[in-house]
Amino acid sequence: MAGIVVLTGAGISAESGIRTFRASDGLWEDHRVEDVATPEGFAADRARVQSFYDERRRAARAAQPNAAHHALAELEARHPGEVLIVTQNIDGLHERAGSARVVHIHGEVDRAWCTTCDERMPCPGDLAAEPPCPRCGARSLRPDVVWFGEPVYALDEIYDAVSLCRWFWVVGTSGAVTPAASLVAVAREAGARTALLNLDAHDDTSMFDDVVLGPATTVVPPWVARF
Ligand code: BV8
């Protein structure tokens, strides 16, 4: 049973230089969601979507985990109970900080998915070059990420963990996207103590027992030190 489940979003990686989505300098300011993060956008212009994720893959690889990522990895190593990270991020910075128990509800930019043979694999390189699938040879690889209108990953495993945890923390997310945003209600329903650690408050914080506002690298380390 996961004693602690932590849901993270783009905000935890912001101080590692990874752009968030909905901020004034966010990705959705210069990319239309429909164009780059939907199956329809991919069908309409493959090259545009492949380039969008090739660029994000480069940014993720160039970034370093920050103090918030490291604090959660350190907590996992020393906490007597289980610590599970459910991340909406596709950047892989939690693992690079040393976290072992990480579930990517929206996929991983460093992985590719062949839509011909359904094989999923480490990304063999820039997908805009349409490299052949290492298994079937078809040139039909896409980023292994969840686009809007597509089912998210590992939802049953996530619901099981959230409905059994004692603490549920939400770090660096606007809570704008479901089903990730509905997990706090599941945790609360199950009797978990809930906390929001975020730069900005959410419009509705009624689901949270504790609300700690500030940059993740400032608020997460002292928070986890208490557990
Ligand atoms: C599904 C892909 C069903 C990878 C993403 C109408 C109403 C309600 C819901 C819907 C609706 N219409 C459709 C839906 C459902 C839809 C949805 O929620 N839409 C929203 C926009 C309304 N959801 C879906 O489509 C999901 N699928 O429902 O499928 C289904 C079921 C079965 C069969 C078929 C279909 C799929 C959702 C996943 C979409 N993919 N990303 C990628 O490109 O990355 S979501 C995208 O948004 C990212 O993954 C991201 O994680 C997620 C949330 O964004 P945040 O991470 O929160 O980032 P944001 O910029 O918003 O906020 C950053 C926060 O950090 C801010 O609060 C800021 O204050 C804070 N911050 C900033 N700096 C710091 C900081 N905090 C701390 N420290 C700092 N330094």
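Is it the case that the stretch 108-117 has a residue that's away from the ligand (no atom under 15 Å from the Cβ), surrounded by 14 or more Cβ atoms within 10 Å (Cβ to Cβ) and more than 30 Å from A47 (Cβ to Cβ)?
No; the residues of the stretch 108-117 include none that is away from the ligand (no atom under 15 Å from the Cβ), surrounded by 14 or more Cβ atoms within 10 Å (Cβ to Cβ) and more than 30 Å from A47 (Cβ to Cβ).
Right, A14: farther than 18 Å from A128 by Cβ and assigned to a loop (DSSP other than H, G, I, E, B) or not? Working first, answer last.
Values: farther than 18 Å from A128 by Cβ: yes; assigned to a loop (DSSP other than H, G, I, E, B): no.
No.
Scan the stretch 1-26 and report the pairs whose first residue is under 19 Å from S182 (Cβ atoms) and whose second residue is part of a helix (DSSP H, G or I) and β-branched (V, I, T), with Cβ atoms within less than 6 Å and a gap of 6+ or a chain change.
Every condition considered, the pairs that remain are V5/V162.
Restricting the first residue to the stretch 75-93 and requiring it to be touching a residue at least 40 places away in the same chain (Cβ under 8 Å) and within 21 Å of R111 (Cα to Cα), which pairs with a second residue that is part of a strand (DSSP E or B) and charged (D, E, K, R) meet a Cβ separation below 6 Å and a spacing of at least six or different chains?
Matching pairs, first to second residue: I90/E108.
Could you give me the residue pairs with C-beta distances under 8 Å whose first residue belongs to the stretch 162-185 and is under 17 Å from D204 (Cβ atoms) and assigned to a helix (DSSP H, G or I), whose second residue is near the ligand (Cβ under 9 Å from one of its atoms) and among the hydrophobic types (A, V, I, L, M, F, W, C) wherever it lies, and which are 6+ apart or on separate chains?
Listed pairs, sorted by first residue: A180/I105; A180/V152.
In the stretch 2-19, is there at least one residue being at pLDDT below 95 and under 30 Å from G191 (Cβ atoms)?
yes
Of all residues in the stretch 197-227, how many are surrounded by 16 or more Cβ atoms within 10 Å (Cβ to Cβ), more than 10 Å from the ligand (Cβ to nearest atom) and assigned to a helix (DSSP H, G or I)?
Number satisfying all stated conditions: 3.
Does A97 fit the bill of being exposed (fewer than 15 other Cβ atoms within 10 Å of the Cβ) and in contact (Cβ under 8 Å) with a residue 24 or more places away in the chain? Steps first, please.
Numbers: exposed (fewer than 15 other Cβ atoms within 10 Å of the Cβ): no; in contact (Cβ under 8 Å) with a residue 24 or more places away in the chain: yes.
Spelling it out, it is not the case that A97 is exposed (fewer than 15 other Cβ atoms within 10 Å of the Cβ) and in contact (Cβ under 8 Å) with a residue 24 or more places away in the chain.
Condition first: in contact with a Leu (Cβ under 8 Å, 6 or more places away or on another chain) and among the β-branched types (V, I, T). Can you find one or more residues in the stretch 90-100 that meet it? Walk me through it before giving the result.
Taking the stretch 90-100 and keeping what is in contact with a Leu (Cβ under 8 Å, 6 or more places away or on another chain), we get 94, 97, 99.
From what's left, among the β-branched types (V, I, T): none.
Looking through the stretch 90-100, none of the residues is in contact with a Leu (Cβ under 8 Å, 6 or more places away or on another chain) and among the β-branched types (V, I, T).
Of the conditions (1) within 21 Å of the chain's Cα centre (by Cα); (2) closer than 23 Å to F21 by Cα; (3) surrounded by fewer than 19 Cβ atoms within 10 Å (Cβ to Cβ); (4) at pLDDT 95 or above, A180 fails just one. Which one is it?
Against the list (1) within 21 Å of the chain's Cα centre (by Cα); (2) closer than 23 Å to F21 by Cα; (3) surrounded by fewer than 19 Cβ atoms within 10 Å (Cβ to Cβ); (4) at pLDDT 95 or above, A180 comes up short only on (3).
The values are calculated or read from the model by the stated rules, or taken from the named source; none is laboratory data. A quick note: this is a predicted structure, and the numbers were derived from the prediction, not measured. Methodologically, a virtual Cβ is constructed for each residue, glycine included, from the backbone with ideal geometry; neighbour enumeration extends over all protein chains shown.
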